[in-house]
Amino acid sequence: MVPLSHYLFLSAVLFMTGAVGVLTRRNAIIVFMSIELMLNSVNLTLVAFSSFLGNVTGQMLVFFVMTVAAAEAAVGLAIIIAIYRRKQTVNLDEINLLKW
Amino acid sequence: MVESVLQNLTYFVPETALVVTFCAVLLADVIFKGRPRIPWTIGLLGLIVAGVTAFQQTGLNRPVFDLMIVVDPFAVFFKVIVAATAILIYLMSLWSDEVKASARRMGEYAALLVSATLGMFLMAGATNLLMIVLALELTGLSSYVLSGYTKEASDSSEASLKYILFGAVSTGIMLYGISLLYGLTGATDLIGIRLALEGQAMTHTPMLLISSIMILAGFGYKISAVPFHFWTPDVYEGAPITVTAFLSVASKAAGFALMIRFLVSTATPSLGVDVMAVVQTFEWPKLIAIMSVLTMTLGNIVAIWQNNLKRLLAYSSIAHAGTMLMAVTVFSQNGVAAVLIYFVVYLFMNLGAFYLVMLVAGATGSEDIDSYKGLGHRAPLVGVSLVIFLISLTGLPPTAGFIGKLYVFSALLDAQWIWLAIVGALNSVISLYYYVRVIRNMYLRDPDSAPAPVVLTGAQTVLLMVFLVPTLVLGVYFAPLVDWAHASVALFGIR
């Protein structure tokens, strides 16, 4: 059987990949994909702990995290479309009317 | 099963009212196309019903739906604050050019305000990690769309994009923290988490620390505490003023409610465990003290450079969050009561300031501080009221802002946080500088060109009085407010 620490390590790596993607990528859609990656690493952690503890609450939480991710993606993409219609770009460096 | 659900529903009336209102507003918006007043009125009535029923819950202290949420004096207090803010914002929106510019979509605006209010009601009472996440998301998603409501203006949609990016990342971070906390304790309700933490030796401390900091990041984002504040100025400047005012008071109140409940519920030992074991291991107070100092100082210092009054108020609201965090640091009943008192005061003075900025922007078409030159002579009522709100935001007597700061500082001094109180006092001095700059422009500078007149209608003056009178009265007669706050510090499951 694969020990718990392997799952946790994998999910930590996934989470970091997502976080680095959010910080370095400049395309709004790719940033959203990185956020999805972060949320999925949360799901992996929850399922791993749930099976380790023999407690189903964690798996129930996963369903809600998925719902949250879907809702966020829907609203996020709608906002990106609204921006694209005005600016013809989804590059975050060019969306810079507001600063300091 | 059914009976227990029905019985629980009787303690869930305000939230149910909001859900029903939300659906009714959406339906009415579809049915009465082209008559946005109808869904708008339904929304207002729903908010009032929710506010009144929330107030009627005063004195209850019990769990609802298997400890998913609770109804306790603390939650009721914040629900009343949120409902009052929502109703006042709703009325303010009547004269907002930004909202009226898209009058066709006013039904949407109403529906989103109601759903954001619902999210904040749930945040005030959530005691389960699952409910906390869902409430945060409901509030967040509604606010993202609301801040992009005037999507024809490019700064509004930019604000919305920045808001959802920061929001989604901080939700991700917080969820990761929650998943670790669940793994450590096997529980999702806050009281279960506390019992589990008390039961085990602190062998997992590094992991516990990481997960707590990640969860704190989620709360910090909601209350715009440094270093999670980056979204605040941009969103506050880009969003319509009414939405900015709503976020700066209601969203922050709900964030504070959630954060205080989380910290107190997980860190207060049950009877028989004598040390605040968890608090000691984490050094929560020190961490929050540092956060509050950074938040206040950054908010105040950056505010000095601002020329847009809306953005200035955004930084000032960051600074106010820092002041309230100081009171959270104390971890005592006095500290929590000070936060509650501060929020009532902050509601009136901050909404009042935003209301005047909105009216002046509607008349002159500008939010720049330069456009306020000579305003005090052109529009005496607006000028004097704005001076009172700004003095109150600084925290000088005889306004309500002084009472708010007084209780924060006395809670700090009671708990021997002398250095923190000194930093807080210095920060008030800094804030005086940029508030006075606006006042100086209004009274001591002549306008550059022939300025547009600022004339208030009768109804607008009445709403102004709703903000102005409490700001003055609470500065001299505050005993009932203090009593209410002290009666509202009781959290469910804490002694």
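The values are calculated or read from the model by the stated rules, or taken from the named source; none is laboratory data. All figures in this text were calculated on a predicted structure; none of them were measured in a lab. All Cβ positions, even for glycine, are placed from backbone atoms using ideal geometry, and neighbour counts span all protein chains on display. What goes into the accessible areas is simple: the full protein's heavy atoms, side chains included, and nothing from ligands, DNA or RNA. Shrake-Rupley method; radii C 1.70, N 1.55, O 1.52, S 1.80 Å.
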I'd like to check something: does the range B:179-190 contain any residue that is facing another protein chain (nearest Cβ under 10 Å) and at positive phi? yes
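This table checks each residue for (1) under 15 Å from the mean Cα position of the chain (by Cα); (2) of a type in the set (Ser, Thr, Tyr).
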residue: B:VAL99; (1), (2): no, no
residue: B:ALA116; (1), (2): yes, no
residue: B:ILE132; (1), (2): no, no
residue: B:GLY140; (1), (2): yes, no
residue: B:TYR144; (1), (2): no, yes
residue: B:ALA153; (1), (2): no, no
residue: B:ALA168; (1), (2): no, no
Return a yes/no flag: does the range B:205-215 have any residue that is open to solvent by 10 Å² or more (accessible area, probe 1.4 Å) and facing another protein chain (nearest Cβ under 8 Å). no
For B:SER371, all conditions in the list (1) closer than 22 Å to B:ASN307 by Cβ; (2) in contact with a Ser or Thr (Cβ under 6 Å, 6 or more places away or on another chain); (3) modelled with pLDDT of 90 or more hold save one; what is the number of the exception? (3)
Qualifying positions in the range B:154-170 - more than 7 Å from chain A (Cβ to nearest Cβ) and under 14 Å from A:VAL31 (Cβ atoms): B:LYS162, B:TYR163, B:PHE166, B:GLY167, B:SER170
Looking only at residues that are open to solvent by 10 Å² or more (accessible area, probe 1.4 Å) and part of a helix (DSSP H, G or I) in the range B:223-261, which one is nearest to B:ILE178 (Cα to Cα)? B:ASP234
Are any of the residues in the range B:153-173 surrounded by fewer than 24 Cβ atoms within 10 Å (Cβ to Cβ), closer than 20 Å to B:ALA217 by Cα, among the polar types (S, T, N, Q) and at pLDDT below 95? yes
Selection count, the range B:332-385, where residues are touching a residue at least 24 places away in the same chain (Cβ under 8 Å), part of a helix (DSSP H, G or I) and under 28 Å from B:LYS405 (Cβ atoms): 36
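Within the range A:77-88, does at least one residue satisfy the condition of being more than 20 Å from B:TYR144 (Cβ to Cβ), at pLDDT below 90 and not charged (D, E, K, R)?
Yes; the residues of the range A:77-88 include at least one that is more than 20 Å from B:TYR144 (Cβ to Cβ), at pLDDT below 90 and not charged (D, E, K, R).
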Of the residues in the range B:141-153 that are part of a helix (DSSP H, G or I) and more than 8 Å from every other protein chain (Cβ to nearest Cβ), the one that is nearest to A:VAL65 (Cα to Cα) is B:SER142
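Any idea which residue in the range B:6-24 is nearest to B:PHE55 (Cα to Cα), counting only those that are polar (S, T, N, Q) and open to solvent by 60 Å² or more (accessible area, probe 1.4 Å)?
B:THR10
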Given the options A:VAL56, A:VAL47, A:VAL90, name the one that is more than 8 Å from every other protein chain (Cβ to nearest Cβ) and touching a Gly at 6+ places or on another chain (Cβ under 8 Å). A:VAL47
Matching entry among A:VAL75, A:VAL42 (being within 9 Å of chain B (Cβ to nearest Cβ), in contact with a Phe, Trp or Tyr (Cβ under 6 Å, 6 or more places away or on another chain), of a type outside the set (Ser, Thr, Tyr) and over 30 Å from B:ALA187 (Cα atoms)): A:VAL75
So is B:GLU98 under 28 Å from B:MET174 (Cβ atoms) and among the charged types (D, E, K, R) or not? no
